[in-house]
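Have a look at the structure below before the remarks.
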Amino acid sequence: MTDHNPDQFSVFKPISRSLLRLIFGPVLALLYGCTGIQSTFSAFGVEAESTRSLTWVMTAAATVITIGVLWLAWYAARTPASQLDYKGGMRVIFWFGALGPTLLLSVLLVFSLSKMRTLPTGTDDLKIAVTGEQFWWRARYLPVGGQSVETANEIRIPVGRTVAFALTSPDVIHSFWIPGLAGKVDMIPGRTNDLVVRATQAGVYRGVCAEFCGLSHAHMAFDVVAMEPAAFEQWLTNMAHPATGGDSPGRKLFESYGCSGCHTIRGHIEGATIGPDLTHFGSRLSVGAGTLPMTLDAISRFIRNPASVKPGVMMPDFREISDKDVAVISNYLVELR
Amino acid sequence: MICKLHKLAQRLKSSLWMLVVPPTVWALHFLFSYVYTAVRCAKSGSVEAIVDIRTGITVATVVALLLVAASGYVAWTQSRIDGDLRPYQDSTDEDRLHFLAAATLLLAGLSFVAILFTAIPAFIFEDCI
């Protein structure tokens with residue numbers, strides 16, 4: 001007879017621990033991504049809150065159903081064949097195989113459909129027309145009774161007010177997604193899709209393009225600022241004003257390098273509207289559609305060689321520009337507030 | 001009246017044709033719901049269309065449920081006709097009838113629930129978006 005050493009299986013303990021670390025390490029790392037400025041789990045809008053609660057309820061229901069089914073399979077496999085007569089077996093099938101799932105699915109269906117309802121809209125809602133372009137965002141605010149205002153690569157919305165986005169694209173299919181605010185909606189050339197949202201919490205968040213649209217798809221992001229209504233109105237009024245400041249060396253250089261062939265700075269240069277409107281460029285939170293911080297170095301780098309930041313970008317490079325000139329233009333742009 | 005209908009149901013023989021009635025009605029109701037909704041949403045405004053859609057889907061759902069319930073009732077009466085004992089697996093007319101009746105009844109139950117599931121969104125959503 002062989003004696004069993006109680007510690008002979010202790011070799012599995014370190015293996016189990018390593019295995020747990022191996023599993024839980026990546027899981028914890030992934031869970032860390034469920035928070036922050038770009039996550040549906042950090043909701044700051046009514047629609048994203050619905051999506052989040054839908055996720056939790058569906059996950060809980062799926063867990064309960066999975067455990068229930070596994071338990072039934074285990075129970076059926078271990079129960080003697082004579083445990084239930086024909087009628088008893090049919091009763092189990094009727095309750096657990098037909099009526100139970102039907103009732104559960106009905107409850108989940110009605111609950112999920114109610115969470116998918118769009119917000120009601122009114123005539124006094126703020127409308128924002130957003131166009132996805134390779135690889136930036138054109139935003140035109142259309143306040144009721146007010147002047148329309150065009151800006152780019154940044155979306156600002158008032159907390160507590162319903163905002164209706166009209167989404168389209170002139171080039172390829174993009175997808176407008178602010179995870180903390182609402183679900184993604186495609187921007188399709190020749191078609192306008194609607195998205196109705198209402199922010200519930202002020203703060204700075206992030207949106208992205210969620211449909212592969214070219215080489216710099218991953219660099220097509222934008223800042224989202226949810227503001228208190230009074231602050232928003234003040235900001236929008238400021239945005240409607242043309243750029244301040246008079247003649248400056250930066251403005252002249254901006255024109256002489258041909259930047260106005262694509263960009264407009266209202267009040268200074270009525271240029272083309274092929275590229276982003278730069279009227280209040282310095283008040284934005286980032287450079288290059290959410291790719292670089294709003295610093296002089298970042299602006300200079302983008303002007304010199306935009307493709308180094310965003311491959312495939314339409315803007316030509318200006319590698320020949322002198323250090324002095326690029327610094328002057330960057331200073332000029334950052335002062336546009 | 002009800003007795004006459006019951007006797008008529010007993011006289012009808014469950015067959016493969018009867019078996020395909022519930023899923024066919026389900027498929028037609030599904031198709032109608034989606035096509036009608038798409039057409040009404042495209043032709044009318046997003047909010048205005050919902051009244052037409054709800055009316056159309058209500059009528060279609062009531063008709064579909066009646067047809068499925070009727071085929072389920074016929075199958076139920078057929079499944080209760082006396083004959084051999086279970087299981088119904090021999091190649092006899094009685095076993096074939098019982099098997100088809102049971103299968104039709106189950107399909108009618110499934111189709112009934114599926115038709116309701118297809119119709120429910122029309123009464124929860126308030127626009128086409």
Taking the conditions exactly as written (at pLDDT 90 or above, more than 14 Å from chain B (Cβ to nearest Cβ) and closer than 27 Å to B:Ser111 by Cβ), does A:Ala61 satisfy them or not? yes
Take the conditions in contact with a helix residue (DSSP H, G or I) (Cβ under 9 Å, 6 or more places away or on another chain), free of Cβ contacts under 8 Å to residues at least 24 places away in the same chain, of a type outside the set (Gly, Ala, Ser) and crowded, with 16+ Cβ neighbours inside 10 Å and apply them to B:Tyr88. Does it pass? yes
Exception for B:Glu94 within (1) in contact with a Phe, Trp or Tyr (Cβ under 9 Å, 6 or more places away or on another chain); (2) within 14 Å of chain A (Cβ to nearest Cβ); (3) surrounded by fewer than 18 Cβ atoms within 10 Å (Cβ to Cβ) falls at (2)
Is it true that A:Leu103 is in contact with a helix residue (DSSP H, G or I) (Cβ under 7 Å, 6 or more places away or on another chain), assigned to a helix (DSSP H, G or I) and not polar (S, T, N, Q)? no
How about segment A:225-337: which helices (runs of 4 or more DSSP H) wholly inside it have at least 2 residues that are under 29 Å from A:Val163 (Cα atoms), touching a residue at least 60 places away in the same chain (Cβ under 8 Å) and in the same structural domain as A:Pro170 (by TED's automatic domain parsing)? A:229-240
Return only the number of the condition from (1) under 28 Å from A:Ser53 (Cβ atoms); (2) outside any strand (DSSP E or B); (3) touching a strand residue (DSSP E or B) at 6+ places or on another chain (Cβ under 9 Å); (4) not aromatic (Phe, Trp, Tyr) that A:Ser114 does not satisfy. (3)
Check whether at least one residue in segment A:191-202 is out of contact with any strand residue (DSSP E or B) (no Cβ under 9 Å at 6 or more places or on another chain) and outside any strand (DSSP E or B), and report yes or no. no
Regarding segment A:102-123, can at least one residue be identified that is within 14 Å of another protein chain (Cβ to nearest Cβ), more than 34 Å from the chain's Cα centre (by Cα) and at pLDDT 90 or above? yes
Go through segment B:100-109 and give me each residue that's buried (at least 16 other Cβ atoms within 10 Å of the Cβ) and either within 9 Å of chain A (Cβ to nearest Cβ) or over 19 Å from the mean Cα position of the chain (by Cα) (or both). B:Gly109
Mind listing just one residue for me: the one in segment A:131-155 that is in a strand (DSSP E or B) and hydroxyl-bearing (Ser, Thr, Tyr) and, of those, surrounded by the fewest Cβ atoms within 10 Å (Cβ to Cβ)? A:Thr131
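The values are calculated or read from the model by the stated rules, or taken from the named source; none is laboratory data. Since this is a predicted model, take the numbers as computed values, not measurements. Please note: Cβ atoms are built from the backbone with ideal geometry, for glycine as well, and neighbour counts cover all protein chains shown.
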